[in-house]
Amino acid sequence: MLPLEHLQTTMARSVLSTDPTIAARLLTAGSADPLGRLRIYQNNTRSSLTAVLMAVFPVTVRLVDERFFRYAASEFIRRHPPTESRLARYGAGFPRFLKSTDTLSDMPIVAETARLEWAIAEALDAPSSQPRSLAEYDNTELGPSPDIVLQPSLRLIISHWSILSVWTAHQQEGPVDQNSAWTRRPERVALWRSGDNVRLALLDRASLAFWHSLKHGLGLEHATGRALALDPAFDLVSALMRLFGDGLVTNVRVAANFLSNTWRQS
């Protein structure tokens, strides 16, 4: 008899394999056909994983037709089975898989839209921190370059295609004119969790650079410098008010070098 861990690993691999004959030899109890018994588990597992992918990528399903999506999902599941138990984390590699699919080589908008949908799934799965208001820092000495901490669910995406326009068009009931939405137009998308929903917004180049720098903890001075380099008319006050107004700021910390200098002067 195989050790339990070895048996479980063998069965798991066989359920996701196209050749389950190895595990079938282990299913000898009873009179039922071993391969038939194993295929029940195979069908249920693949059906469940396909349902997960369809739930995460609903717009992608509509872009390529459900039958083709099911075929692509089946191939993805076969080549990239889950590596952890949380199904909410399954599908990270699906946009990249679609991008490498020859059938979709002339439809790059499909993989790009899937990339947006995965970012939405990530944002919904991320924690949401209590937003802070600008008024809380009226009497606080923050120094020249404070660290502005943004919501952990914030995701920033740059695409050569009009992915947000495509996604938005498919949030309505009824038919969508696919060709009118498939435009090769750069879109810079910000999205973050707001309660149980996700908010999405288009950003210009300067704002994207500003948000990206703050998201990665580079400080307000660095973020402002990057934004001004791209747009000399960048309005810092308006940008900060937008971040606070959208509930994206979760903390404002005094920069470490400012604290050090203040301590030396005291």
With the condition kept exactly as written, say whether any residue in segment 197-205 is of a type in the set (S, T, N, Q) and farther than 16 Å from residue 116 by Cα. no
For residue 99, all conditions in the list (1) surrounded by 18 or more Cβ atoms within 10 Å (Cβ to Cβ); (2) in contact with a helix residue (DSSP H, G or I) (Cβ under 6 Å, 6 or more places away or on another chain); (3) under 16 Å from residue 163 (Cα atoms) hold save one; what is the number of the exception? (1)
Breaking point among (1) assigned to a loop (DSSP other than H, G, I, E, B); (2) more than 16 Å from residue 208 (Cα to Cα); (3) among the small types (Gly, Ala, Ser), for residue 135: (1)
Output yes when any residue across segment 226-239 is more than 18 Å from residue 150 (Cβ to Cβ), among the small types (Gly, Ala, Ser), modelled with pLDDT of 90 or more and assigned to a helix (DSSP H, G or I), and no when none is. yes
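Residue-wise test of (1) part of a loop (DSSP other than H, G, I, E, B); (2) more than 30 Å from residue 222 (Cβ to Cβ); (3) in contact (Cβ under 8 Å) with a residue 40 or more places away in the chain.
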position: 72; (1), (2), (3): no, yes, no
position: 76; (1), (2), (3): no, yes, no
position: 96; (1), (2), (3): no, yes, no
position: 110; (1), (2), (3): no, yes, yes
position: 113; (1), (2), (3): no, yes, yes
position: 116; (1), (2), (3): no, no, yes
position: 119; (1), (2), (3): no, no, yes
position: 128; (1), (2), (3): yes, no, yes
position: 139; (1), (2), (3): yes, no, no
Somewhere in segment 55-67, is a residue within 30 Å of residue 124 (Cα to Cα), modelled with pLDDT of 95 or more and assigned to a loop (DSSP other than H, G, I, E, B)? yes
Can you list the helices (runs of 4 or more DSSP H) found entirely within segment 144-218 that contain at least 2 residues being at pLDDT 95 or above and within 18 Å of residue 241 (Cβ to Cβ)? 205-215
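The values are calculated or read from the model by the stated rules, or taken from the named source; none is laboratory data. Since we're looking at a predicted model, the values are computed, not measured. Quick reminder, even Gly has a Cβ in these numbers, built from the backbone with ideal geometry, and neighbours come from all protein chains shown.
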